Amino acid sequence: MSNTNLNTPLTSSQQLQLRSLQAVWHPCTQMKHHETFPLVPIVSGKGVWLYDAEGRQYLDAISSWWVNLFGHANPDINAAIRDQLEKIEHVMLAGLTHEPVVLLSERLKKIAPGSLGHCFYASDGASAIEIALKMSFHYWQLCGQPRKINFISLQNDYHGETLGALSVTDVAIFRETYAPLLRPCTHVPTPDWRYAETGESPEDYAIRAAAALEVYLAENHAQTAALILEPLVQGAMGMGMYHPVYLQRAREICDQYQVHLIADEIAVGFGRTGTLFACNQAGITPDFLCLSKGLSGGYLPLSVVMTTDAIFQAFYTDKAAHAFLHSHSHTGNALACRAALATLDIFEQDQVIDGNKVKAAYLNKMAEPLSAHSKVRHFRNCGMIWAFEVETDDPDFAAKCFQAGLSQGLLLRPLGKTIYFMPPYVINEQEMNLLVDGTLHVLDRL
Ligand SMILES: *Cc1c(COP(=O)(O)O)cnc(C)c1O
């Protein structure tokens, strides 16, 4: 509010910003920065666009933190939620059930890789990670392997910010402050091809990273319950991308050493990497598949952990203590499940995965001036995710880029020096042109 003249009354939008800063503690934000950078009050959305109170519009190039798939105010998803609202909004899922959660579980089972026939629900991504970790640990306890209590993950992995999820996360800025609260976790070398030697192909580098995993597990498998990883794209550490051969090798190595493989597809599931699930590109089935974000089309908080019959059966006994005694109040929320079913309908009816291939090819072609830009390094694409590093010494680059994006009508939120696009799948050619042109302007202004 520093630029507000005290004599002119605040607009309603400015009042909302001010009240928000007084009453709302915003996520992942140093609140004091808002003395310089104003909040953006959004009043409505449609398709890829967000509208503020003054009628300015912003292209949501990051799908509102990677959740939105088919646009804001999608008429089909809106209609499904309205319909469900008139029936039952929510009931507890212990002792009771409802049609949306049954239908959703059956449909997820059909489309997920391999046979992951058992769906355990929660409300957000981090909770899904907690569930997968606890289930894996508990499974080994039930199977007479009480020493298998450790988890390993990839260097640079992100799995959420509750204490269990943060333990397996390797993003220093989120982790360091809370390190004394976290369980120890080994982060094995990332297959991210930006780390390859010059002349080494992404595939060769991924194979080399997998060899390091094998060395670790050869020695430590008896104490290791599971390897958790973000398949193909490591989101929060700057959209690091890697070759699917790593997933194949990781699956083989985990099988060889009796270690569970947990695939965190919270960000990459539902088509983001160009296939419905990232694991499809390696032809592998994890022991646990964690899904959230796009699961409900980005509409409502919903997550699920899908697992195999072998794991389910270990818990299936006459003893209460063998059960998986874990719950969240909104587990299997009916409105969220209906949003998810409507989202899956769109995938089926509109041949989204094929359509996205055409869109990705178009955006890659339009983005040639970006990838050739003198400040741009490592321009890369995987499915409906694009990313590149910007050559800059400015420690405030991300915040300035966010601001410069807004003035170009773009919602960009760089990760450090990495700018990325993760647009809703409904983006059209004209909007892709705006996205690329706007980003070029941002680069030239900074
Ligand atoms: C977003 C994300 C999470 C955490 O999900 P929340 O709903 O934010 O708790 C976990 N893993 C990955 C890969 C994510 O991108």
statement: Amide H neighbours of Val43 at under 5 Å, excluding residues fewer than 5 places away on the same chain, with H built from the backbone geometry, are Tyr51, Asp52, Ala53
- line: Rounded to the nearest Å, the spacing of the alpha-carbon centers of the stretch 54-128 and the stretch 170-193 is 30 Å
- prompt: Rolling a 1.4 angstrom probe over the protein heavy atoms, how many square angstrom per residue are accessible across the stretch 80-188?
  reply: 50 Å²
query: What relative contact order, as a whole-number percentage, does the stretch 250-303 give when Cα pairs under 8 Å and 6 or more residues apart are counted?
result: 34 percent
- prompt: Amide H to amide H, which residues 5 or more places from His118 or on other chains are under 5 Å from it, using H placed in the peptide plane?
  reply: Thr307
- prompt: Which cross-chain or sequence-distant (5 or more) residues have an amide H under 5 Å from the amide H of Asp157, H modelled 1.01 Å from N in plane?
  reply: Asp170
- request: Could you pull out the GluC sites (Glu not before Pro) across the stretch 1-110 that fall in loop regions by DSSP (anything but H, G, I, E, B) with no more than 13 other Cβ atoms inside 10 Å?
  value: Glu54, Glu86, Glu89
Solvent-accessible area per residue for the stretch 241-376 (1.4 angstrom probe, square angstrom): 39 Å²
message: If you build the convex hull over the alpha carbons only and average its shadow over all orientations, what do you get for the stretch 1-131? Give it in nm² to one decimal.
response: 12.0 nm²
- line: Probe 1.4 Å, all chains present, heavy atoms only: Tyr58 accessible area in Å², nearest 10, is 20 Å²
statement: Scalar couplings 3J(HN,Hα) for the stretch 292-301 by Karplus 6.51 cos²θ - 1.76 cosθ + 1.60 (θ = phi - 60°), nearest whole Hz, x for Gly and Pro, are 6, 5, x, 3, 9, x, x, 7, 9, x
query: Using the Karplus equation 6.51 cos²θ - 1.76 cosθ + 1.60 (θ = phi - 60°), what ³J(HN,Hα) coupling, rounded to whole Hz, does each residue of the stretch 19-25 give in order, writing x for Gly and Pro?
result: 5, 4, 5, 7, 10, 10, 8
For the chain, size of Cβ-based charge dipole, Lys and Arg +1, Asp and Glu -1, in debye: 480 debye
Per-residue HN-Hα couplings for the stretch 214-223 [Karplus 6.51, -1.76, 1.60; θ = phi - 60°; Hz; x = Gly/Pro]: 5, 4, 5, 6, 4, 8, 10, 4, 5, 9
- prompt: By a straight-distance test (C-alpha under 14 Å), which aspartates and glutamates pair with Lys359 as possible cross-link partners, with residues fewer than eight away in the same chain excluded?
  reply: Asp350, Glu429, Glu431
- prompt: Given the stretch 151-294, what percent of its DSSP beta bridges are antiparallel, to the nearest 5?
  reply: 15 percent
- line: With bins of 20 Å, the percent of all Cα-Cα pairs of the chain per bin from 0 is 24, 57, 18, 1
message: Can you tally the net charge around Arg272? Count Lys and Arg as +1, Asp and Glu as -1, for every other residue whose Cβ sits under 12 Å from the Cβ of Arg272.
response: -1
- request: Any lysines with Cα under 19 Å of the Lys365 Cα? List them, leaving off those in the same chain fewer than 8 positions away.
  value: Lys357, Lys375
Within the chain, percent of DSSP bridges classed antiparallel, to nearest 5: 65 percent
query: From the Cα gyration tensor of the stretch 343-436, with a ≥ b ≥ c the square roots of its eigenvalues, which class applies: rounded if a/c is under 1.5, or else prolate if a/b is larger than b/c, or else oblate?
result: prolate
query: Roughly how many percent of the accessible protein surface of the chain is carbon and sulfur, given a 1.4 Å probe and a whole-percent answer?
result: 55 percent
Listed residue pairs exceeding 26 Å between alpha carbons, taken from Lys32/Lys293; Lys109/Lys148; Lys46/Lys110; Lys134/Lys417; Lys134/Lys293; Lys148/Lys293: Lys32/Lys293; Lys109/Lys148; Lys46/Lys110; Lys134/Lys417; Lys148/Lys293
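The values are calculated or read from the model by the stated rules, or taken from the named source; none is laboratory data. Quick caveat, the model's predicted, so the values are computed rather than measured. Positions of Cβ are backbone-derived with ideal geometry, glycine not excepted, and every protein chain shown enters the neighbour counts. SASA here: full protein model, heavy atoms, side chains in, ligands and nucleic acids out. Shrake-Rupley method; radii C 1.70, N 1.55, O 1.52, S 1.80 Å.
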